């Protein structure tokens, strides 16, 4: 990556309004030379407008944008095109130009050098040289987007601005496109990209600006911006950060509905409760779980969701202390669900916990055919009188969804 002594682009307290409403409100960022900036935020938060202000296509009502410490609006369009290339979200061209001709159009601002050779180099960089003689209107969406990127590279810019460049592409083409951007950035190109997919931002961007209602809700390193509290505040959804095989990724679920506070306790483990936890969150129920082993996938999911849990060390028989914590959680629950978790000597006390719930009169739901999940060699007491039997966890979710819709507490028969 090529870096300089100061910011390549300075956005200083920019405000911009369309006649009907304000769009940008005092936005300030500094895009360093060689940075890879992602610009994210909900629809209508001002992302595309900010990109057009940076490119000098829109004039801010206050504030300014500097390119290498000189106001963008003091540059001629030809000067700007030599320094900054914009890849739009949509590019329409109905005439039968070849790919070679479309890419050569990007070199027009230079007016020196061999346009054909420059276009060929740009296509070679992106690995699309084989498309040179194809007619642009006949290309697929992914191919067209790569051609427009090649056209931008033919401008030989220092800065590449992209407005949702992969919004119409499938997953494979999205990753291919962003891999190209990563290589360009590694060679020193400064990139600022508007995008909706927060996981793409997490994997490819170095710096992130999150806009909300035209303001900078968060700005800084990606790992400091894409945190659950910030995403919740800006997008109105729960975000869950997961770590697997050395990589991080995000999943999302709707906010917990504050008007429903009934608690469902899951007696689970071995991954049998993870999806159910998310379903219950989406339905608006409070959730607890136990007893589970630390680093079990159910425990990891519960930790991401902030679920109260009774947790035992990995590969350990449930201790008296953890069993007691589990009973305390069960005592606060309206319904207790025994998932289709296998029963072994390590978690045998979970059945005692379920019987405790039955004795105190709680509603207990159990996935049928418990004997098939008994791996204790006959030591387990599988008699759970009064427990309601379900064929699957999916049937339980359907029942809870119906009760949530009707307003009936889940503990009622």
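When 139, 161 are checked against the criterion of being within 25 Å of residue 32 (Cβ to Cβ), assigned by TED's automatic domain parsing to the domain that holds residue 37 and either surrounded by fewer than 18 Cβ atoms within 10 Å (Cβ to Cβ) or modelled with pLDDT of 90 or more (or both), 161 stands alone in meeting it. Among the residues of region 88-125, those that are within 33 Å of the chain's Cα centre (by Cα) and at pLDDT 90 or above comprise 103, 122, 123, 124.
Only one of the listed residues (289, 313, 274, 294) is crowded, with 17+ Cβ neighbours inside 10 Å and in contact with a strand residue (DSSP E or B) (Cβ under 8 Å, 6 or more places away or on another chain). That residue is 289. For region 327-409, the strands (runs of 3 or more DSSP E) that sit wholly inside it and include 3 or more residues that are assigned by TED's automatic domain parsing to the domain that holds residue 286, modelled with pLDDT of 90 or more and within 19 Å of residue 285 (Cβ to Cβ) are 335-338, 363-367. A residue that is under 18 Å from residue 155 (Cα atoms), free of Cβ contacts under 8 Å to residues at least 40 places away in the same chain and surrounded by 19 or more Cβ atoms within 10 Å (Cβ to Cβ) occurs somewhere in region 56-68. Just wondering, is there one or more residues in region 212-230 that are at pLDDT below 90, in a helix (DSSP H, G or I) and either in contact with a strand residue (DSSP E or B) (Cβ under 9 Å, 6 or more places away or on another chain) or not assigned by TED's automatic domain parsing to the domain that holds residue 14 (or both)? Looking through region 212-230, at least one residue is at pLDDT below 90, in a helix (DSSP H, G or I) and either in contact with a strand residue (DSSP E or B) (Cβ under 9 Å, 6 or more places away or on another chain) or not assigned by TED's automatic domain parsing to the domain that holds residue 14 (or both). Residue 34 falls short on exactly one of the conditions (1) in contact with a helix residue (DSSP H, G or I) (Cβ under 6 Å, 6 or more places away or on another chain); (2) under 25 Å from residue 224 (Cα atoms), and that condition is (1).
A residue that is in contact with a helix residue (DSSP H, G or I) (Cβ under 9 Å, 6 or more places away or on another chain), at pLDDT 85 or above and on the phi > 0 side of the Ramachandran plot occurs nowhere in region 255-264.
Taking region 29-94 and the strands (runs of 3 or more DSSP E) fully enclosed by it, the elements with 2 or more residues that are assigned by TED's automatic domain parsing to the domain that holds residue 195, touching a strand residue (DSSP E or B) at 6+ places or on another chain (Cβ under 7 Å) and farther than 19 Å from residue 178 by Cβ are at 62-67. Only one of 252, 178 is modelled with pLDDT under 90 and not in a loop (DSSP other than H, G, I, E, B). Can you tell me which? Result: 252 is the single residue among 252, 178 that is modelled with pLDDT under 90 and not in a loop (DSSP other than H, G, I, E, B). Restricting 243, 203 to those that are assigned to a helix (DSSP H, G or I), out of contact with any helix residue (DSSP H, G or I) (no Cβ under 7 Å at 6 or more places or on another chain) and farther than 29 Å from residue 16 by Cα reduces the list to 203. Flag set for residue 149, criterion: in the same structural domain as residue 190 (by TED's automatic domain parsing), within 24 Å of residue 33 (Cα to Cα) and either under 24 Å from the mean Cα position of the chain (by Cα) or buried (at least 19 other Cβ atoms within 10 Å of the Cβ) (or both). The set of residues in region 327-345 that are under 16 Å from residue 312 (Cβ atoms) and without any contact (Cβ under 8 Å) to a residue 40 or more places away in the chain comprises 327, 328, 343, 344, 345.
Among all residues of region 167-175, there is at least one that is under 25 Å from residue 44 (Cα atoms) and surrounded by 18 or more Cβ atoms within 10 Å (Cβ to Cβ). If the condition is being surrounded by 13 or more Cβ atoms within 10 Å (Cβ to Cβ) and assigned to a loop (DSSP other than H, G, I, E, B), then region 95-119 contributes 97, 110. Checked against (1) surrounded by 16 or more Cβ atoms within 10 Å (Cβ to Cβ); (2) within 30 Å of the chain's Cα centre (by Cα); (3) in a strand (DSSP E or B), residue 22 passes all but a single condition, namely (1). If the condition is being assigned to a loop (DSSP other than H, G, I, E, B) and surrounded by 20 or more Cβ atoms within 10 Å (Cβ to Cβ), then region 300-310 contributes only 307.
The values are calculated or read from the model by the stated rules, or taken from the named source; none is laboratory data. Please read these numbers as outputs of a predicted model, since none were measured by experiment. Quick reminder, even Gly has a Cβ in these numbers, built from the backbone with ideal geometry, and neighbours come from all protein chains shown.
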